[in-house]
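As structure tokens, the structure follows; a few thoughts come after it.
Derivation of every value follows stated rules applied to the coordinates shown; laboratory data play no part. Remember, it's a predicted structure, so these values are computed and weren't measured experimentally. As a convention, Cβ positions derive from the backbone with ideal geometry for all residues, glycine included, and neighbour counts pool all protein chains shown.
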Amino acid sequence: MADSYIVKPFEQPVSGSIRPPGSKSLTNRALIIAALALGKSKLTGVLESRDTEVMIESLKQLGLSVSHDTAAKTIDIVGCGGHFDANQAELWLENSGTSIRFLTAFSTLGHGTIKLDGNDRMRERPIGDLVDALNVLGAQVSCDTSTSCPPVTVEADGLPGGQTTVAGSISSQYLSALLMTAPCAVSAVEIDVEGELVSQPYVDMTLGVMARFGVTADCPKVGHYRIDRQQYQAAEYAIEPDASAASYFLAAAAITCGTMTVEGLSHHSLQGDIEFVEALEQMGCRVNWGANSTTLSGADLHGIDIDMNAFSDTAQTLAVVAPFADGPTRIYNIGHVRHKETNRIHAVVTELRKLGLRVDEKDDEMTIHPGPISAASIETYDDHRMAMSFALIGLKVPGIEILDPGCTAKTYPNFFEDLESLRSS
């Protein structure tokens, strides 16, 4: 794409329907689990993005047979039955947090030296808590520097199992990585979560995908999981549209007082980010839940106080809806997003202030006050969600320029084309 993208305001409220691409979170979980299964699995409705590509490329380097039909949005993958024999591999994960964390745990099931690394931002994203938890289970994993961040080296020789503890306050991906790998350990695995677990719905999602491939985990009490040795079985698995991606189009309806239908997502979605719909409903929007779709109509917006810990990937989206409300909106309990693709609290606050808005920043929250919005060029910090969310302000305000719009390729390469398609719908 070009170096920047100037958003042209919509002359009319947004009206239409869309089916966003497949969920990144579900796609990468299904890829890991299908790779561990016995037999050949087919994934349908998969996401085509850089995050998916780096996961597929890495699995191939580890000796897995993976066939990706981008036109049909399908992946055929022959599982390794829980153990693979790659003697050596160097995996490049760019800035895909799910990929490097899931593959670090996955790599312990092999035999040989496996190195995992990524770009400069990835080398700032913590992984030490996962490394420590795996080592307690008998793995040999190390961070190559003293920062507790990638690059990571795995001296793989299977995962013995046992009991371990993992921190829950930085990322739920650590727990998800352990849960998905645990059934392939030599003996049962018990995991205790230390501290508050952020983004609990993503763990529920992980358990849901595991169950679809024939594996169950016991959770006898909050924060404690037990997974007996089990064998994943190959399956055909349909990926839901991405609820995080859907948030941008629902927010477009809220901002322009239009009506938007998202196909393929309902109140029963596995994805916790579907809660974003209820956040917009709290702000005054009207929602109609269908059996396999969700329709939202905009209305006069009201400021709210909202805990977005469980669906924090949509916090940026709500932050750009907030300036159009009749009072301040406080988004809190999201301190862990400072460890995402960028420091998302500080980045959002910085760019909203650039637009002339008053925004208050605290360690784990931000409060956005409505007010006049000025034209500005928006830095995106190599964060796909900064680009997609701030583009929505340009639907109402002229002169909004999105810098480095190509960063959306991480999860939604065709985002701007899909946004523009609503102009004529």
Farthest toward positive dipole pole in the chain [+1 Lys/Arg, -1 Asp/Glu at C-beta], among A238, H369, A254: A238
For a label point 7 Å from the Cα of S266 along Cα→C-beta, name the residues of segment 17-45 whose backbone N is under 20 Å from it. 17-23, 26, 44-45
Grab the Cα-Cα distance for A188 and S146, subtract it from 0.36 nm times how many residues apart they are, and report the gain in nm with one decimal. 12.0 nm
Could you check the simple spin-label distance between D218 and N333, using points 7 Å along Cα→Cβ, in nm with one decimal? 2.9
Under 25 Å from K115, Cα to Cα: lysines that are on another chain or at least 8 residues apart: K24, K60, K340, K410
With each pseudo-label sitting 7 Å past Cα toward Cβ, what's the T44-C257 distance in nm, one decimal? 4.2
For every other residue with a beta carbon closer than 14 angstrom to the beta carbon of D360, add +1 if it is Lys or Arg and -1 if Asp or Glu, then tell me the sum. -1
Dipole axis of segment 24-221 (+1 Lys, Arg; -1 Asp, Glu on Cβ), positive-most option in G208, L116, G138: G208
Quick one: Cα centre-to-centre distance for segment 259-295 and segment 65-116, in angstrom? 33
Using a 10 angstrom cutoff on alpha carbons, build the Gaussian network for the chain and name the most mobile of D117, D383, D85. D85
So for R0 = 30 Å, FRET eff. of N292-S421 from the Cβ-Cβ r, to 0.05, ends up at 0.90
Could you tell me the calculated FRET efficiency between Q61 and R353, based on Cβ-Cβ distance and R0 = 60 angstrom, to the nearest 0.05? 0.90
Give me the log10 of I(q) over I(0) for segment 55-205 at q = 0.17 Å⁻¹, as the Debye formula computes it from C-alpha points; what are the numbers? -0.97
Two decimals, Cα atoms only, Kirkwood Rh: what is Rg/Rh over segment 58-147? 0.99
How long are the semi-axes of the equivalent ellipsoid of the chain, defined as square roots of 5 times the Cα gyration tensor eigenvalues? Whole Å, largest first. 37, 22, 20
Fluctuation leader among T350, T317, T181 - the chain, Gaussian network, Cα springs under 10 angstrom: T350
By the scheme Lys and Arg +1, Asp and Glu -1, what is the net charge of all other residues having a beta-carbon under 14 Å from that of A89? -3
Pulled fully out, how much extra length does the chain show between D360 and S374, if you take 0.36 nm times their separation in residues and subtract their Cα-Cα distance? 3.2 nm
So who's got an amide H within less than 5 Å of the one on E90, skipping anything under 5 residues away but keeping other chains? H placed 1.01 Å off N, in plane. K115
Would you please give the FRET efficiency between D69 and N414, computed as 1/(1 + (r/R0)^6) with r the Cβ-Cβ distance and R0 = 22 Å, to the nearest 0.05? 0.80
Fewest to most Cβ atoms within 10 Å: C257, C80 sort as C257, C80
Take the alpha carbon atoms of segment 168-185, find their center, do the same for segment 338-415, and report the distance between the two centers in whole angstrom. 30
